1. For region 139-150, state whether one or more residues are assigned by TED's automatic domain parsing to the domain that holds residue 71, touching a residue at least 12 places away in the same chain (Cβ under 8 Å) and within 16 Å of ligand 2 (Cβ to nearest atom).
2. For region 418-427, give me each residue that is surrounded by fewer than 24 Cβ atoms within 10 Å (Cβ to Cβ) and either farther than 21 Å from residue 343 by Cα or in contact (Cβ under 8 Å) with a residue 12 or more places away in the chain (or both).
3. Can residue 124 be described as buried (at least 24 other Cβ atoms within 10 Å of the Cβ) and either more than 16 Å from ligand 2 (Cβ to nearest atom) or modelled with pLDDT of 95 or more (or both)?
4. What is the residue count in region 353-376 for residues that are away from ligand 2 (no atom under 16 Å from the Cβ) and assigned to a loop (DSSP other than H, G, I, E, B)?
5. Give the residues of region 397-415 that are away from ligand 1 (no atom under 16 Å from the Cβ) and either modelled with pLDDT of 95 or more or surrounded by fewer than 20 Cβ atoms within 10 Å (Cβ to Cβ) (or both), sorted by residue number.
6. Does residue 347 count as assigned to a strand (DSSP E or B) and within 23 Å of the chain's Cα centre (by Cα)?
7. What residue, of 148, 111, is modelled with pLDDT of 95 or more, touching a helix residue (DSSP H, G or I) at 6+ places or on another chain (Cβ under 9 Å) and assigned to a loop (DSSP other than H, G, I, E, B)?
Ligand code: C2O
Ligand code: CU
């Protein structure tokens with residue numbers, strides 16, 4: 001039966017891909033790219049704490065003229081404002097939920113106490129306000145925030161709940177990098193989408209086991225986007241905020257560009273490249289050089305390491321997409337040359353690892369187990385470094401995200417990682433047949449009763465239970481037993 005099904009699947013895939021439904025190179029780019037507003041702190045407390053307000057709410061947005069789509073957003077109809085803070089800042093976010101269902105807000109990439117993490121245990125009921133606070137203690141980086149209710153994350157993100165959280169520090173501020181937000185430093189939140197009449201179509205379609213795949217993309221909630229630029233060098237903060245789709249970013253003229261940062265901040269030195277693959281949840285900062293008067297299109301190119309390619313193609317006939325057109329002004333402001341040295345990595349190298357753990361990724365669960373809210377799977381000791389070896393032989397693409405930490409990739413299939421993975425990471429793509437060895441350091445604080453999670457960031461897989469929990473404890477302490485339902489905030 002399996003063989004017959006596989007043969008049938010292959011035939012369907014052939015049928016599907018034979019039709020030329022690709023829209024690459026045909027884009028009109030008729031819409032000006034929206035830039036999410038920078039959130040201003042609503043107040044600054046006497047001790048310097050910056051207070052931000054985020055309201056999760058339902059709305060409507062006209063993505064296509066004349067069609068109003070029901071959406072969710074933070075402080076607006078769709079997506080959310082860009083939060084921004086500096087290393088050393090104390091921040092507090094008042095998260096108010098005016099939706100008619102419970103959700104959470106997770107600070108993806110942030111090092112912070114487990115109770116402030118916004119994972120599945122920090123549920124915010126309708127009408128309630130949850131107020132996490134923490135001190136920013138990590139390098140400048142492009143992080144993001146999104147809901148994390150167990151079993152419903154895919155839908156909540158897809159409806160529009162996502163935003164960027166930018167961190168700055170003195171070292172990055174002193175570097176001659178493009179840094180005028182919305183001018184030469186652009187947030188690029190990439191999501192795939194599908195419409196059914198006026199509304200979003202959230203359906204996973206026929207035989208898709210990777211989750212929802214849309215048939216077109218949008219950036220910052222703008223379909224067919226273009227952006228005028230006036231500087232020679234433009235920094236793009238790429239965030240793959242799609243629920244399942246992986247992109248291989250490049251430009252239509254195959255120009256080389258410079259990658260300067262990974263998930264957790266600046267690389268040690270810039271990396272020249274033509275393609276950069278990002279799976280859901282991953283970020284990268286790139287700098288592209290523009291010539292006066294030209295147009296160039298950021299595109300996603302076909303990917304050959306995608307596992308069962310026929311399966312992923314069902315969402316869009318082709319995995320190529322025109323993402324964003326950059327239109328250079330007739331005269332460009334000169335930009336300073338990029339520095340040769342960017343930053344010092346603060347991720348561990350694994351030499352002081354006290355423990356090795358192994359994670360086998362399967363859609364049916366990690367290490368053979370599905371997520372259980374009241375079970376802590378791994379207990380780590382505060383102040384120690386570990387190596388985690390993560391393996392995917394499951395026949396389909398997965399990725400792996402760990403809360404609270406930025407880690408270093410030590411090995412990919414036994415070899416040193418490619419340059420674009422030699423930086424601080426919190427999410428890594430593991431196509432079928434990949435094993436990665438990671439070094440992670442757990443700084444705490446210890447909280448035996450409140451776990452963090454690790455999971456596949458293909459959100460359908462996460463919702464289906466491809467997630468586990470770890471608690472950070474003091475040496476000799478035992479993990480407690482968290483609440484099965486997740487405490488309401
Ligand atoms: Cu981006 Cu556990 O999440
Ligand atoms: Cu997965």
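1. Of region 139-150, the ones assigned by TED's automatic domain parsing to the domain that holds residue 71 are 139-150.
Checking which are touching a residue at least 12 places away in the same chain (Cβ under 8 Å) leaves us with 139-150.
Filter once more, keeping what is within 16 Å of ligand 2 (Cβ to nearest atom): 148, 150.
Looking for residues that are assigned by TED's automatic domain parsing to the domain that holds residue 71, touching a residue at least 12 places away in the same chain (Cβ under 8 Å) and within 16 Å of ligand 2 (Cβ to nearest atom), one finds at least one in region 139-150, hence yes.
2. From region 418-427, those surrounded by fewer than 24 Cβ atoms within 10 Å (Cβ to Cβ) are 418-422; that's our starting set.
Those that are surrounded by fewer than 24 Cβ atoms within 10 Å (Cβ to Cβ) and either farther than 21 Å from residue 343 by Cα or in contact (Cβ under 8 Å) with a residue 12 or more places away in the chain (or both): 419, 420, 421, 422.
3. On the way: buried (at least 24 other Cβ atoms within 10 Å of the Cβ): no; either more than 16 Å from ligand 2 (Cβ to nearest atom) or modelled with pLDDT of 95 or more (or both): yes.
It is false that residue 124 is buried (at least 24 other Cβ atoms within 10 Å of the Cβ) and either more than 16 Å from ligand 2 (Cβ to nearest atom) or modelled with pLDDT of 95 or more (or both).
4. Residues flagged as away from ligand 2 (no atom under 16 Å from the Cβ) and assigned to a loop (DSSP other than H, G, I, E, B) within region 353-376 amount to 5.
5. Narrowing region 397-415 to residues away from ligand 1 (no atom under 16 Å from the Cβ): 397, 408-415.
Listed by number, the residues that qualify are 408, 409, 410, 411, 412, 413, 414, 415.
6. Values: assigned to a strand (DSSP E or B): no; within 23 Å of the chain's Cα centre (by Cα): yes.
No, not satisfied.
7. Working: 111 fails: touching a helix residue (DSSP H, G or I) at 6+ places or on another chain (Cβ under 9 Å).
When all the criteria are applied, what remains is 148.
Listed here are the residues, each with its yes/no results for (1) in contact with a strand residue (DSSP E or B) (Cβ under 7 Å, 6 or more places away or on another chain); (2) within 16 Å of ligand 2 (Cβ to nearest atom); (3) under 30 Å from residue 304 (Cα atoms).
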{"residue": "351", "(1), (2), (3)": "no, no, no"}
{"residue": "380", "(1), (2), (3)": "yes, no, no"}
{"residue": "387", "(1), (2), (3)": "yes, no, yes"}
{"residue": "390", "(1), (2), (3)": "yes, yes, yes"}
{"residue": "393", "(1), (2), (3)": "no, yes, yes"}
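The values are calculated or read from the model by the stated rules, or taken from the named source; none is laboratory data. Being a predicted model, the structure only gives us computed values, none of them experimental. Ideal geometry is used to build each Cβ from the backbone, glycine not excepted, and the neighbour counts take in all protein chains shown.
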